[in-house]
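The values are calculated or read from the model by the stated rules, or taken from the named source; none is laboratory data. All values reported here derive from a predicted model rather than from experimental measurement. Quick reminder, even Gly has a Cβ in these numbers, built from the backbone with ideal geometry, and neighbours come from all protein chains shown.
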Amino acid sequence: MRGRNRVTKTFVVAVAAIIAAVGVGTPTLSATRDSVRLGMTLEPPVLDPTASPAAAIKEIVTNNLMEGLTRVSADGSVKPALAESWTVSEDGKTYTFKLRRGVKFHDGSPFSSADVVYSISRAMSPEGGNPGRNLYRAIDKVTAPAPDIAVFTLKNPFFTLPYVLALGDSSIVSEKTVPTNKTNPVGTGPFKFSRWVKGDRVELVKNQDFRDKDKIRLNRATFRFIPDPNAIVNALLAGDLDAFPLGVPTESVERFKKDKRFKVSVGMTEGETIVSINNGKKPFDDVRVRRALSHAVDRRAVIDGVMSGYGVPIGSHFSPLHPAYVDLTGLYPHDPAKAKTLLAEAGYPNGFALTLRLPPPQYARKGGEIIAQQLERVGIQAKLEPLEWAQWLDQVLSRKDYELTIISHVEALDYDRYGRENYYWNYANNKRIAELVVSADQAGSTAQRNAVLQDIQKQLALDAVNVFLFQLPKIGVWNANLVGLWENSPSPSNDLTDVHWTK
């Protein structure tokens, strides 16, 4: 398989797959060697990762503007950030974090353990509005016995806590800047927010008060938003961008590989790409209909047609590189006849009509066209409705006003979303998954935990909650003289900490 054979790296934190990038040409070099211009497909709706689930926010903010107690590094391992170290009690229920001294927020106010208590307590609270609130399900309380000590007391052992605290959802913020962080984010990171030109770009400048400022070699960074595939290619070819780390059209990869002025990096993301189904709407509340959709869709044809062969098929919501992964792709082989039989059994011998709402990424827009053709062969007429990113977040994710959509969920180990009561899938069996999630959290050994994770995968596949397509790959294209960008994406972030020019 084309995509799978190209992947050579793995992560401590589960990661998977391969993506695509493009082009040829004679790129002009950046005007100065202390700045970088990066392209992104999607513009974030806000710039506060604790206020919205959009990965585009974290791609700009996490590790650059805002930090957590820990951070995910390029190889997927969890390293110190605002916490310089931590210890775990023998029973696994108390984590004590030793915080860095002398750290300041971008507005000059000092950072202390009180900010940790505020930030995580806010993240845990239903009133806090944090989209990742379920991530903190094992935390009982957070206390600050000293300005440089934060103690997390857990309800049960939760060995992924250091990883959770590295995510953008866990960014440490100052209480006084929270009201304005959506448009003027203030953190403790190596870069400060400069300005946001809506519809075009976000600009950052180096934080001269950063604790390790001498290690940061960039003085400026610009993130430009270019959703159109052709415009992405043209911007790279014209030298208007120095890099497009994720989302460049896959059909252009070979062109870039032939030009030594570009670096092409084929790597992995944590993105499970799926056809999301609104299980709460008829006829999708019938498992036979959902299973029919899974049989109607040909994963390999989607991967070949949308990703130029880059991508690993999945049969449940789980990374193929995690040791607990179970290959369930054989549960629903492409079988139009079986799909028609299931539809007839469910009372739809002649099929039905539906709306497939598509966000901007190419895997969704182009994938929607291919999947609509496949559904038509079993009698299902799919009307394609393209949405802008802000529309998708509001209409689909927030208001659950949809039937089918295509999206990639890019956080690692995010199977817990299926246990949430009010998530946009409207999954009726969520309580069973919630119980299994707790069992996984409380497992006494890695083997026991992996066994529960396998049960979760099997339950999601049997219930055909969604049509599981492929693990989203990461193909980055950038100027060959630019180094330090992540070649894999163990967590959403265009981390600029180590980025610099060699010439």
Exercise for the section: Using the structure shown, decide if P336 is touching a Lys or Arg at 6+ places or on another chain (Cβ under 6 Å) and surrounded by fewer than 19 Cβ atoms within 10 Å (Cβ to Cβ). Expected result: yes
Handout entry: Subset of the range 354-412 [without any contact (Cβ under 8 Å) to a residue 40 or more places away in the chain, surrounded by fewer than 21 Cβ atoms within 10 Å (Cβ to Cβ) and out of contact with any strand residue (DSSP E or B) (no Cβ under 6 Å at 6 or more places or on another chain)]
Key = E369, Q373, E376, G379, E388, Q391, D394, Q395, S398, R399, D401
Problem - Residue in the range 313-328 that is touching a strand residue (DSSP E or B) at 6+ places or on another chain (Cβ under 7 Å), surrounded by fewer than 21 Cβ atoms within 10 Å (Cβ to Cβ) and of a type in the set (A, V, I, L, M, F, W, C) present - result: yes
Exercise for the section: Only residues in the range 224-253 that are over 16 Å from V264 (Cα atoms) count as the first member; pair them with residues that are of a type in the set (G, A, S) and surrounded by fewer than 24 Cβ atoms within 10 Å (Cβ to Cβ), Cβ under 7 angstrom, at least 6 apart or cross-chain, and list the lot. Expected result: I226/A235
Exercise for the section: Would you check if there is a residue in the range 49-61 being more than 16 Å from the chain's Cα centre (by Cα), closer than 18 Å to I475 by Cα and either at pLDDT 90 or above or surrounded by fewer than 19 Cβ atoms within 10 Å (Cβ to Cβ) (or both)? Expected result: no
Exercise for the section: Within the range 464-477, identify whether any single residue is in the same structural domain as E411 (by TED's automatic domain parsing), assigned to a loop (DSSP other than H, G, I, E, B) and of a type in the set (A, V, I, L, M, F, W, C), and answer yes or no. Expected result: yes
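Select, from Y136, Y95, Y118, the only residue that is surrounded by fewer than 21 Cβ atoms within 10 Å (Cβ to Cβ) and either in contact with a Leu (Cβ under 6 Å, 6 or more places away or on another chain) or aromatic (F, W, Y) (or both).
Numbers: Y136 fails: surrounded by fewer than 21 Cβ atoms within 10 Å (Cβ to Cβ); Y95 fails: surrounded by fewer than 21 Cβ atoms within 10 Å (Cβ to Cβ).
The match here is Y118.
I want to confirm something. Restricting to the range 53-70 and keeping residues that are in contact with a helix residue (DSSP H, G or I) (Cβ under 8 Å, 6 or more places away or on another chain) and either among the basic types (K, R) or outside any loop (DSSP other than H, G, I, E, B) (or both), which single residue is farthest from P131 (Cα to Cα)?
In the first step, residues of the range 53-70 are kept if they are in contact with a helix residue (DSSP H, G or I) (Cβ under 8 Å, 6 or more places away or on another chain); the result is 53-54, 56-58, 61-62, 66, 68-70.
Imposing the further condition that a residue be either among the basic types (K, R) or outside any loop (DSSP other than H, G, I, E, B) (or both) reduces the set to 56-58, 61-62, 66, 70.
On the way: A56: 14, I57: 13, K58: 13, V61: 16, T62: 15, M66: 17, T70: 19 Å.
Taking the candidates together, the pick is T70.
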Practice task
Name the residue, out of A390, A344, that is hydrophobic (A, V, I, L, M, F, W, C) and out of contact with any Pro (no Cβ under 7 Å at 6 or more places or on another chain).
Solution key: A344
Handout entry: Residue tally, condition under 23 Å from P360 (Cβ atoms) and within 15 Å of the chain's Cα centre (by Cα), over the range 371-426
Key = 11
Problem - Residues being surrounded by 15 or more Cβ atoms within 10 Å (Cβ to Cβ), modelled with pLDDT of 95 or more and either not hydrophobic (A, V, I, L, M, F, W, C) or not assigned by TED's automatic domain parsing to the domain that holds D242 (or both) - total across the range 212-229 - result: 5
Problem - Any chance D304 is free of Cβ contacts under 8 Å to residues at least 24 places away in the same chain and under 30 Å from K474 (Cα atoms) - result: yes
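Can you tell me which residue among V477, V438, V410 is closer than 20 Å to D327 by Cα and in contact with a helix residue (DSSP H, G or I) (Cβ under 9 Å, 6 or more places away or on another chain)? Show your work before the answer.
On the way: V477 fails: closer than 20 Å to D327 by Cα; V438 fails: closer than 20 Å to D327 by Cα.
Selected residue: V410, the only one of V477, V438, V410 that is closer than 20 Å to D327 by Cα and in contact with a helix residue (DSSP H, G or I) (Cβ under 9 Å, 6 or more places away or on another chain).
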Completion exercise
For the range 295-337 the number of residues that are part of a helix (DSSP H, G or I) and of a type outside the set (D, E) is 15
Exercise for the section: Answer yes if at least one residue in the range 478-501 is in the same structural domain as L375 (by TED's automatic domain parsing), out of contact with any Ser or Thr (no Cβ under 8 Å at 6 or more places or on another chain) and among the hydroxyl-bearing types (S, T, Y), and no otherwise. Expected result: no
Fill in the blank from the handout: Counting only residues that are touching a Lys or Arg at 6+ places or on another chain (Cβ under 7 Å) and either surrounded by 23 or more Cβ atoms within 10 Å (Cβ to Cβ) or of a type in the set (A, V, I, L, M) (or both), the range 155-187 contains a total of 2
Exercise for the section: Give the number of residues within the range 124-136 that are under 20 Å from the mean Cα position of the chain (by Cα) and either closer than 18 Å to A81 by Cβ or assigned to a loop (DSSP other than H, G, I, E, B) (or both). Expected result: 6
Problem - Selected residue [of a type in the set (D, E, K, R) and touching a strand residue (DSSP E or B) at 6+ places or on another chain (Cβ under 6 Å)] from R255, R261, R217, R288 - result: R217
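In the range 79-91, what residues are part of a strand (DSSP E or B) and over 20 Å from S119 (Cα atoms)?
Taking the range 79-91 and keeping what is part of a strand (DSSP E or B), we get 79-80, 83-88.
T87, V88 - these are the residues of the range 79-91 that are part of a strand (DSSP E or B) and over 20 Å from S119 (Cα atoms).
Of the residues S170, S194, S174, only one is assigned by TED's automatic domain parsing to the domain that holds S35 and not acidic (D, E); which? Break it down into steps so the answer makes sense when it comes.
Numbers: S170 fails: assigned by TED's automatic domain parsing to the domain that holds S35; S174 fails: assigned by TED's automatic domain parsing to the domain that holds S35.
S194 is the lone residue from the list that is assigned by TED's automatic domain parsing to the domain that holds S35 and not acidic (D, E).
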